[in-house]
Amino acid sequence: MKKFDKNKVILGFAAPVLAIVAALVLTSIIIAATGKDPFHAFEVMVDYGSKSDSQVWIINKATPYYLSALAVAIGFRMNLFNIGVDGQYRIAAFFAAVVGGALTLPGIIQIPIIIIVAMLVGALWAGIAGLLKTTRGVSEVISTIMLNAIGASVIAYFLKDGRLAEKEGNLVHTPYLPDAAHFFEIPTTPKPIYGFVVVAALAGIAYWFVLGRTRFGFDLRTVGQSESAAHASGVSVKRMVITAMLLSGAMAGLVGMPTLLGVSYNYGTDFPTGIGFTGIAIALLGRNHPIGMVAGALLWGFLDRTSTQLEFEGYAQEVVGVMQGVIVLCVVIAYEIVRRYGLKMQQRKVGEELAAQARKSDKAEVSA
Amino acid sequence: MKGPLVRRVSTITAAGITTAALAFTLTACGESSTESGGGSSSKGVGLAFDVGGRDDHSFNESAARGLDKAEKELGVKGKMMTAKNGETEAEREQRLSSLADAGYNPVIGVGFNYAKSIEKVAKDFPKTNFAIVDSVVQGPNVDSITFGEHEGSYLAGVAAALKSKTNKVGFIGGVDNELIKKFQAGFEQGAKATNPKIEVTSEYLGSSDKGFNDPAAAKDKAKGMLDRDIDVIYTAAGLSGNGSIEAVSGKKDAWAIGVDSDQYQQPGLAKYKDHILTSVVKNVDVAVFDMIKSVKDGKPLTGTHPYLLKDGGVSLATSGGFIDDIKAKIEEAKKSIVDGKVQVKTTP
């Protein structure tokens, strides 16, 4: 029994190691194909990415990525593919910015109000997809991606001078949040880390606890693994679908908050888009694991940070995008290969043990 | 499903990684990538493009020509970097900081998206000179370059109205924002002033920056307009404009009006040039060259510099000779703007 466990540990490490090695080899080949030296590229990345200001930059960049991955992972854990995190966080951040810009309350009240508005709007927007799935059987993949487009149009409609926004040069944005509504920062040099990283960490802990340690989390995972089994054990699948979408959407509502409360203090035409899709990649990369996704988000931030530097050194800017894609593919494939190999080993092991038992009883019969 | 040992091991690993990450963060007081300072010793010009890159045959390329000219005439060197779709403020700041830190001077942000990041980075590098195209940024070391797009577009509207046989002309904007509305406003006013009966249809590709980098969407929009008998289409959409010009070239007697660069002269668009009536040229190259020269001469430009029709900042391209027959009327319109007889609106 002890030996079996050791194998499993080795297998557990084999997957990420295999993925990293494969990703490195593949990207080296791609960089070499563009006629550049891949080893110098990696050297540049490690050297530049480990500088102190790069570290701060990476953590700040990884914070929304991590929240987005959490939102996606909640859906993944029960087999729901919430592609709509992108639309959910944008519409959530937009309305939170509108509410925040209209109020002038003490920060201790205003900041929670902004965050709660964002979570509610995100949950509502995702809830539409949940409702459509349970009442009309519409696949959440289709409905969430369409809600992304609708969300973008809603924002575009209201984000006009004279509607819910104001003009500043060529940029249009919602009114600035009052100074009291600025989130705290962790003073590091040369640039500070956004305080929202603390909220992201708390969200990660909540994700781990609720899904891994509560009855509700157990029900949610059961529905993900087998709807009929969950139904048979008295879990209302429909209710779980709606609840999971609401939770996923509420988490998505947090994605825009580090930017809104820590950087831009408004929602404008330059508000970052696409973080919801990055979240899908990171959830895959981190295997829906709260710590795994931290690693994935930081890796993504690192790659983003170093891509500009690579361009600076004369490499094609697209190299990093290719790298990100290759890494996700490698991780997914490596885990699948290792899982199958482990399954095979387990089968062989059980077969051998059964054969040994059979031989033993054979011998016993002969000697008898 | 995992054995107890596995769980313990993965917890230990997790704890290890977290500790390492924390240690990494706390030692973030190590060397910073920008510590070397930057500033006085200039390596040349740093040019940061908006999405689309230098070969967009349009806006960015015009800026790049300014640098090319400076390289030839002033002997300075330069470095160009390009924005990605869906960028955040953090990336733009990083790009500008990298350039400033490496000793490039001046650092020029091409496109209004750089407004906020230039403002911040200019404070971090007070010894470096910055310039921003298409926006106004305050700062003792920042030159703000703006253009009279509405005035140039007015002339395009005049040309379109005179050339249209169906009395229907169209405008396609890349991104629904204040800057592109200046193009729309001028075009509409010019067309209406020339022919009160003309019908102007104005449409946008979207409200995110992707609209400047999406030729397929522009092609579809242009096709839709052609199907509605619109026979002159003016597209102000950066790289996306290529798609619209391609669509127009597929229809006999239809005209496209280009933007920012003289698109008739673009080698990449040579296949379609017989359908490029004219282009509203925004002489970003002149402005970029002026800035580079001023820094080279030790008298860096600062403050706001509008390049209007009267300064030659915007003009209507004549290559191809398709508007030679209506030259007199365009000159007349130009004169009345320069003389102040016609006030061109900046919002539609």
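No lab work stands behind these numbers, since they all come straight from the coordinates. Just so you know, these numbers come straight off a predicted model, no measurement behind them. Every residue, glycine among them, receives a Cβ derived from its backbone with ideal geometry; neighbour counts consider all protein chains shown.
Can you give the calculated 222 nm mean residue ellipticity of the protein assembly as shown, where each DSSP H run of n ≥ 4 adds -39,500 (n - 2.57) and the sum is split over every residue, rounded to the nearest 500 deg cm²/dmol?
That comes out to -19500 deg cm²/dmol.
When DSSP assigns beta bridges and you keep just the ones with both residues in segment B:44-147, what percent turn out antiparallel, to the nearest 5?
0
If you take the square roots of the eigenvalues of the alpha-carbon gyration tensor of chain A and sort them as a ≥ b ≥ c, do you get rounded (a/c under 1.5), prolate (a/b over b/c) or oblate?
Taking the square roots of the gyration eigenvalues as a ≥ b ≥ c, chain A is oblate.
Per the Cauchy relation, a quarter of the hull surface: what is the mean projected area of the convex hull of the alpha carbons in segment A:180-230, in nm²?
For the Cα atoms of segment A:180-230, the hull's average projected area reads 5.6 nm².
For A:Arg339, B:Arg54, which order do you get if you count the other beta carbons within 10 Å of each Cβ and list the fewest first?
Taking fewest neighbouring Cβ atoms as first place, the list is A:Arg339, B:Arg54.
Take chain A, connect every pair of alpha-carbon atoms lying under 10 Å apart with a spring to form a Gaussian network, then pick out the residue of A:Gly195, A:Gly169, A:Gly75 with the largest mean-square fluctuation.
Result for chain A, Cα springs under 10 Å: A:Gly169 fluctuates most.
Identify all lysines with a Cα-Cα distance to B:Lys165 below 25 Å; exclude those on the same chain that are fewer than 8 residues away in sequence.
In chain and number order, the partners are B:Lys192, B:Lys197, B:Lys219, B:Lys221, B:Lys223, B:Lys251, B:Lys252, B:Lys271, B:Lys273, B:Lys327, B:Lys329, B:Lys334.
For q = 0.18, 0.23, 0.25, 0.31 Å⁻¹, what log10 I(q)/I(0) does segment B:84-142 give under the Debye formula with an equal point scatterer on each alpha carbon and no solvent?
Log10 I(q)/I(0), no solvent term: -0.51, -0.84, -0.99, -1.47.
Cross-link candidates for A:Lys344: which lysines have Cα within less than 23 Å, leaving aside residues fewer than 8 places away along the same chain?
Correct list for A:Lys344: A:Lys2, A:Lys3, A:Lys6, A:Lys8, B:Lys2.
Name the shape class, rounded, prolate or oblate, that the alpha-carbon gyration tensor gives for segment B:225-348, where a ≥ b ≥ c are the square roots of its eigenvalues, rounded holds for a/c under 1.5, and otherwise prolate holds if a/b is larger than b/c and oblate otherwise.
Because a/c hits 1.5 or more and a/b exceeds b/c, segment B:225-348 counts as prolate.
Please identify the helices of chain A, taking whole runs of DSSP H, that span at least 20 Å along their own axis as judged from the Cα atoms and have a mean Kyte-Doolittle score of 0.5 or higher.
A:2-33, A:85-102, A:107-136, A:140-158, A:196-213, A:237-255, A:290-312
I'd like the mean, over residues of B:82-95, of how many other protein chain beta carbons sit within 10 Å of each residue's own Cβ.
6
Where in segment B:147-185 are there trypsin sites (Lys or Arg not before Pro) that are in a DSSP coil and have at most 13 other Cβ atoms within 10 angstrom of their Cβ?
Hits after loop and neighbour filter: B:Lys165.
Which shape class, rounded, prolate or oblate, goes with segment B:44-147 when its Cα gyration tensor gives a ≥ b ≥ c as root eigenvalues, a/c under 1.5 marks rounded, and past that a/b bigger than b/c marks prolate?
rounded
Among the lysines, which fall within straight-line cross-link reach of A:Lys133, defined as a Cα-Cα distance under 28 Å, with same-chain neighbours fewer than 8 residues apart omitted?
Here the lysines satisfying the reach criterion relative to A:Lys133 are A:Lys238.
What is the diffusion coefficient of chain B in µm²/s, taking the Kirkwood radius over Cα pairs and the Stokes-Einstein relation at 37 °C with a viscosity of 0.692 mPa s?
Stokes-Einstein gives a translational diffusion coefficient of 152 µm²/s.
How much of the DSSP bridge set in the protein assembly as shown is antiparallel, in percent, rounded to the nearest 5?
Once the DSSP bridges in the protein assembly as shown are tallied, antiparallel ones form about 20 percent.
Can you sort B:Leu205, B:Leu74, A:Leu131 by how many other beta carbons sit within 10 Å, fewest first?
Fewest-to-most ranking of B:Leu205, B:Leu74, A:Leu131: B:Leu74, A:Leu131, B:Leu205.
In which sequence would A:Met78, A:Met293, A:Met245 go, from the one with the fewest C-beta neighbours within 10 Å to the one with the most?
The most exposed by this proxy come first: A:Met78, A:Met293, A:Met245.
Round to a whole angstrom and tell me the spacing of the C-alpha centers of segment B:45-111 and segment B:159-229.
Using only Cα atoms, the two centres lie 28 Å from each other.
Taking the 0 to 90 degree range and rounding to the nearest ten, how far is the long axis of helix B:178-194 tilted relative to the main principal axis of chain B, both from C-alpha atoms?
0
Please grab the % of Cα pairs in segment A:134-218 that end up more than 15 Å from each other.
Counting pairs separated by more than 15 Å, the tail of P(r) holds 79 percent.
Short version: what are the Cα gyration tensor semi-axes of the protein assembly as shown, square root of 5 times each eigenvalue, largest first, in whole Å?
Equivalent ellipsoid of the protein assembly as shown: 52, 29, 26 Å, largest first.
Against the longest alpha carbon principal axis of chain B, how many degrees, from 0 to 90 and to the nearest 10, is the axis of helix B:284-296 turned?
It works out to around 50 degrees.
I need the peptides A:54-64, A:206-216, B:140-150 ranked by packing, meaning the mean over residues of other C-beta atoms within 10 angstrom, with the highest value on top.
For the peptides A:54-64, A:206-216, B:140-150, the packing ranking is A:54-64, B:140-150, A:206-216.
If the limit is 20 Å between Cα atoms, which of B:Lys43/B:Lys72; B:Lys127/B:Lys293; B:Lys72/B:Lys123 go over it?
With Cα atoms farther than 20 Å apart: B:Lys72/B:Lys123.
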